[in-house]
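The structure appears below as structure tokens.
The values are calculated or read from the model by the stated rules, or taken from the named source; none is laboratory data. Note that the coordinates shown come from a computational prediction; the quantities given were computed from them, not determined experimentally. Methodologically, a virtual Cβ is constructed for each residue, glycine included, from the backbone with ideal geometry; neighbour enumeration extends over all protein chains shown.
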């Protein structure tokens, strides 16, 4: 148990350091793009700089949330601060969708009123942005599958990388062929792609905050498996929820078949906990056990 805690703590510190490096990288991109956008008269670069500035803030929020989430439980927050990361992930996902909607508006404006742009300078600045974003994406690549908060930050960076590709394509088209409309077109396509992927994070974070049963756990199957155990008559008032993206909790009432002593009852409880852990990945279990209690619940789940 201690080894698992240390391993988790080490991973958390590593994620924090990586998020901080990515924040600094993104801020450098923002400064370069603002200067380059003003000199080149490129609205595309300026909007991409705004995108990066918003993402730098979002990634820094993810970094701070990761730090806060490590605080120990106290008398007010008895579950601890793990859900700060879930709130940060939700906030970052919503901000990213809002940025995409803003870019749709900017793309429409550029369709309607194309302006002369210095394509070569736009291309150079966008290439710098692409390289820096690629480095950031690679830094968080391994961490994104372990943490929703990091995944939201990763998607921000992926969006920035795709935006940089769009700006480079637009810069080439403007520099060589003077095709100004291609940049807003690519911006819209990138925005749709980002929203499509970000919506999954919004849904997952809302499910966690609403304490919805995890989609991978079938409560009917869980009830049937538990009721196969010796001495278990039925399990009801079952509640399963996630504290964050890695910790699943269960609480329930359990009716026993006979009036057994405390030692036997503890044995049934351990068997149930072992089953829930091995079969459903639930490690935090609270059971209220009794005999001839909650009458009328034998055939009901009564969530």
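Yes or no: residue 115 over 30 Å from residue 286 (Cβ atoms), outside any helix (DSSP H, G or I) and out of contact with any helix residue (DSSP H, G or I) (no Cβ under 6 Å at 6 or more places or on another chain)? Yes: the conditions hold for residue 115.
Can you tell which of 89, 62 is at pLDDT 85 or above and within 14 Å of residue 147 (Cα to Cα)?
Testing whether each residue is at pLDDT 85 or above and within 14 Å of residue 147 (Cα to Cα) leaves just 89.
Every test in (1) assigned to a helix (DSSP H, G or I); (2) under 26 Å from the mean Cα position of the chain (by Cα); (3) surrounded by fewer than 15 Cβ atoms within 10 Å (Cβ to Cβ) is passed by residue 164 save one, and that test is (3).
Annotation: of all residues in the stretch 242-264 being buried (at least 17 other Cβ atoms within 10 Å of the Cβ) and either more than 30 Å from the chain's Cα centre (by Cα) or without any contact (Cβ under 8 Å) to a residue 40 or more places away in the chain (or both), the one that is nearest to residue 293 (Cα to Cα) is 255.
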